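For reference, the structure discussed in these notes is given below.
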Amino acid sequence: MTNFQKRIFTSIIILPLSFFFIVKGGYLLLSFLLFIFFLGTYELFSTFKKKSTILFLDLILILSLYSIHFLTEDGEIAFFLLLWVIVLCICSDIGGYIFGKIFKWKKLTKISPKKTFSGVLGSFIFSLFSLVLLNNIISQNLTLNFFEVKYFFLAIIFSLVAQVGDLTISYFKRKEQIKDTGKILPGHGGIFDRIDGLMFVIITTVLFYKFNIIP
């Protein structure tokens, strides 16, 4: 089985499972988030040597997990915003991978040699697909319209945050001279390899939500 096939197989299992806990909420979600926290923290201490790096990344992990719990508990609109940004990060990641493989433009940065300008463009374009997907899901919900102009701008902003988050984790991995933060997710690596950009996007979402930028 190739690395790409492993990546697809793992995603088929992980994504529905994650959405299950998010939709169920309550103690099931809390247990799931605690599991991710302990697993992620163990991964950090097993992989990184610098205490400052461990502290920073663990703080980001805690804030992102708290943000997920907050958005699931703060009403229907907050819940749909959470679903949207998760789908957006998935679309952004897929778009970056596809465009990067097809067009192979100039390398973006030495921090992550596989990142290209074509991948950045693909991430932006595919992030907009998330608006269509979520608007169809909540078509009966008249209080939230993802086809408003501001959500197109927000989709680009969140995609940018996801990519910067990805590069941030890559920067710390490069400093430690490691490829992956772990091996628990075949085809992806570790927990932080899978949720790198998502952590930063979810934290940003809560900040935007608190300051009434969204919805």
Inset, instruction - Find the residue count for segment 20-35, including only residues that are in contact (Cβ under 8 Å) with a residue 40 or more places away in the chain and either closer than 20 Å to ILE184 by Cβ or in a helix (DSSP H, G or I) (or both). - result: 2
Legend entry - Close pairs from segment 44-73: first farther than 14 Å from ILE86 by Cβ, partner surrounded by 16 or more Cβ atoms within 10 Å (Cβ to Cβ) and not hydrophobic (A, V, I, L, M, F, W, C), Cβ under 6 Å, at least 6 apart: LEU44/ASP58; THR47/THR181; ASP58/THR41; LEU61/GLY40
Inset, instruction - Just give me the residues in segment 81-94 being among the hydrophobic types (A, V, I, L, M, F, W, C) and at pLDDT 90 or above, in sequence order. - result: LEU81, LEU82, LEU83, TRP84, VAL85, ILE86, VAL87, LEU88, CYS89, ILE90, CYS91
Inset, instruction - Considering only segment 135-160, state which residues are buried (at least 22 other Cβ atoms within 10 Å of the Cβ), closer than 20 Å to ASN212 by Cβ and not aromatic (Phe, Trp, Tyr). - result: LEU154, ALA155
Inset, instruction - Provide a single number: the residues in segment 87-105 that are of a type in the set (A, V, I, L, M) and under 13 Å from THR204 (Cβ atoms). - result: 1
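Going through PHE80, PHE99, PHE70 one at a time, which residue ends up being touching a Gly at 6+ places or on another chain (Cβ under 6 Å) and aromatic (Phe, Trp, Tyr)?
On inspection, the qualifying residue turns out to be PHE99.
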Inset, instruction - Only residues that are out of contact with any helix residue (DSSP H, G or I) (no Cβ under 6 Å at 6 or more places or on another chain) and within 16 Å of TYR171 (Cβ to Cβ): list them for segment 47-58, please. - result: THR47, LYS49, LYS50, SER52, LEU55, PHE56
Legend entry - segment 95-124, residues that are surrounded by fewer than 18 Cβ atoms within 10 Å (Cβ to Cβ), among the β-branched types (Val, Ile, Thr) and modelled with pLDDT of 75 or more: ILE98, ILE102
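Could you pull out the residue among SER67, SER46 that is small (Gly, Ala, Ser) and either surrounded by 13 or more Cβ atoms within 10 Å (Cβ to Cβ) or touching a Leu at 6+ places or on another chain (Cβ under 7 Å) (or both)?
Residue meeting the stated conditions: SER67.
The values are calculated or read from the model by the stated rules, or taken from the named source; none is laboratory data. Remember, it's a predicted structure, so these values are computed and weren't measured experimentally. A quick note on method: Cβ atoms are made from the backbone with ideal geometry, for glycine too, and the neighbour counts reach across all protein chains shown.
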